[in-house]
Amino acid sequence: MSRTFPLEKIRNIGIIAHIDAGKTTATEMILHHAGRTYKVGSVDEGTAVMDWMEQERERGITITSAATTCHWRKHRINIIDTPGHVDFTAEVERSLRVLDGGVVIFDGVAGVEAQSEAVWRQADKYGVARICFINKMDRTGADFHHTVTMINERLQNRALPIQLPMGSEKDFRGIIDLVENKVIAFPVDSNSISIEGTETLLAKHRQELIENLADLDEQIMLLYLEGQDVSATQIKAAIRRLTISNRMVPVLCGSALRDRGIQLLLDAIVDYLPSPVDVPPISVTDLESGEEILRLPSDDEPFAALAFKTVFDPFMGRLVYLRVYSGRVKAGAQVLNATIDKKERVGKLYVMHANHREEIEHTETGSIVASLGLKMTSTGDTLCETKRPVLLEAIRFAEPVLSMAVEPKSKVDQDKLDDSLTKLAMEDPTFKVYHDEETGQTLISGMGELHLEVLMERIFREYGIRVNAGKPQVAYKETITIPVESEGRFIRQSGGRGQYGHVWLRIEPGERGSGFEFRDQIRSGAIPKGFTPSVEAGAKSALQSGGLAGYPVIDVKVTLYDGSFHEVDSSDVAFKMAAFMAMRDGIDKAKPVILEPIMEVEITTPNQFLGDIIGDLNSRRAHIEGIESRAESSTIRCLVPLAETFGFAGDLRSLSQGRASHTMCFHRYEELPQDLSEQITARMGRTR
Ligand code: GDP
């Protein structure tokens, strides 16, 4: 069967930006030019298409990662929406997984902000090729060169401008295209557009670009050394090679709000960002052989897709967004969900456009589609051909750092609330719900205050339930600080069949973020291998609550290295118990400590409030990492314990007359200072 769209003409991209940099506006403009019948909405009026959830419109932020398909120069561009707020890093991670390329938007006034750095690092992790768009060149204070310097200093030293703005701020009147060697002047009020002086500027910077490219690319170097002219086509080909291999990031500029430079941006997406065949083939685990194999992006390969987003659409129902990595699948076909090992039907398939959806008969390799009818599949699952079971690398999500108790304002809503929370947790893997059996409370947890607030608002808007929420509680953890060896014996030999399990475990601190690692080093046959999984399970179950204050224990490395067994009495249960006992004792001896989540906070403020804000931060146990000062405003980058951040947004507002802004995201777990640790231990007591 022939394809409906050539694979090499597909661009699966994300638009990545710090909140307020102009992602929504730019997306709107892109859809305006490339999305057939789309009418431009304005963010300020709250009608943007990508921000389809009502509350997002009110907040002016984009939270979900729906996908929108549009067309430019006979290419199909699938825009996978990435959230603009740092509290939703899980959303960003998951969308980066399925992207081949990204457009990173910067505010030409604010430059590179904290979250852009976080997202940039994530994009590096997944090898996502990028182009940068420096937006808001029309705004007072916009500075193209300063932003390029910041990108090179803070993110990547291979950001090369392929355009220059002609003038800036009110005088932003054109774009100098260094590749095509021409000036695009915008129609402005006065008829006489002065492009005087731009010719020398163009020649100088074009030469610089060619020299920089020669430095990175052999073909350009040869032409350059031979003193030959380098054509626009040759430059473009070199930029494409370098961008796809992540050795260069082309930088463009414009103003999304005024529709300046957007068509050039679309050209650059098509010209420089990779198609699914330009990225390395995906590696999958073949579940029959257990081996890692490569799957080529081809319709002839067996079908494999990743469910990267689940949305409960109020009109359509449960939509699962899929990225198809190989093969194809027909609507209604049966597939295997390899993650949960269950077969199900893909149901109806849709391509989602900006303002309509198109039902399709089958998906093709490289496409992004929404499926209606998958019941068991959740975010992160692999779908594949039933006869060729494979698993794509699962998406790793951070554990929630904050929790709070919730209850419906009216008792009759309890079942409805449980149902809606379960649905939301299915959509968002960093949002968890559990019931505390002892207190009978429902607890929800997530990645920050805003994350939970947004979810509570959705429960009200989408399900009509009013909720009372308790005070947010920090998700503390425990860990150990020294290695120990610990013995566990579970031996019962009174009457009937006995129980016999005996292990020696080496318990060591693991690297931060490593979770739980287990190794079996028994060589002598002291314990038959068949019992190893039980030892591991027993060891793991001991981590559910630590000995200091009952918080989960993380970052522990456990090695089973000795023990003994009994021909008749040994059983899985006995070894599980023995390992559990060895762990409990061992953790207590291994100098346990309490860990607290630390947030990375970036605050931008007019200079006159700087002193007061630093004073406030100091009272919150903040560690200030750096202050960058510009003429009128400064940016403070710091690390603040999550427990000290409550109420910060309000305090910042009153300290700065509402003029400072901030972003906050989870950074890492760190040891809690001794005095606070003692307070918590005293309050929680030994819970076991
Ligand atoms: P997002 O949070 O990244 O999606 O940013 P938005 O697209 O919502 O834009 C944030 C604000 O910046 C809105 O008020 C936009 O109207 C404004 N904005 C976006 N692009 C430009 C631009 O090119 N120039 C100016 N002056 N304002 C812009």
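The values are calculated or read from the model by the stated rules, or taken from the named source; none is laboratory data. Model, not experiment: these values are computed from the prediction. Note: ideal-geometry Cβ built from the backbone for every residue, glycine included; neighbour counts use all protein chains shown. Side chains are part of the model used for accessible areas, which takes the heavy atoms of the whole protein and leaves out ligands, DNA and RNA. Shrake-Rupley method; radii C 1.70, N 1.55, O 1.52, S 1.80 Å.
Worth pointing out:
- The condition of being buried (at least 17 other Cβ atoms within 10 Å of the Cβ) and either modelled with pLDDT of 95 or more or not in a helix (DSSP H, G or I) (or both) does not hold for I459.
- Some residue of the range 207-217 being modelled with pLDDT under 90 and aliphatic (A, V, I, L, M): no
- Number of positions in the range 98-146 that are hydrophobic (A, V, I, L, M, F, W, C), modelled with pLDDT under 90 and within 16 Å of the ligand (Cβ to nearest atom): 6
- Pairs where the first residue, in the range 126-155, is in a strand (DSSP E or B) and the second is open to solvent by 50 Å² or more (accessible area, probe 1.4 Å), C-beta under 7 Å, 6+ apart: A129/N246
One line per residue, one yes/no per condition, for (1) among the basic types (K, R); (2) in contact (Cβ under 8 Å) with a residue 12 or more places away in the chain:
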{"position": "Q544", "(1), (2)": "no, no"}
{"position": "K557", "(1), (2)": "yes, yes"}
{"position": "S570", "(1), (2)": "no, yes"}
{"position": "K591", "(1), (2)": "yes, yes"}
{"position": "N607", "(1), (2)": "no, yes"}
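- Test: residue in the range 250-258 that is closer than 27 Å to V112 by Cα, assigned by TED's automatic domain parsing to the domain that holds V148 and polar (S, T, N, Q): yes
- When the range 2-28 is filtered for residues that are part of a loop (DSSP other than H, G, I, E, B) and more than 6 Å from the ligand (Cβ to nearest atom), the ones remaining, listed by number, are S2, R3, T4, F5, P6, H18.
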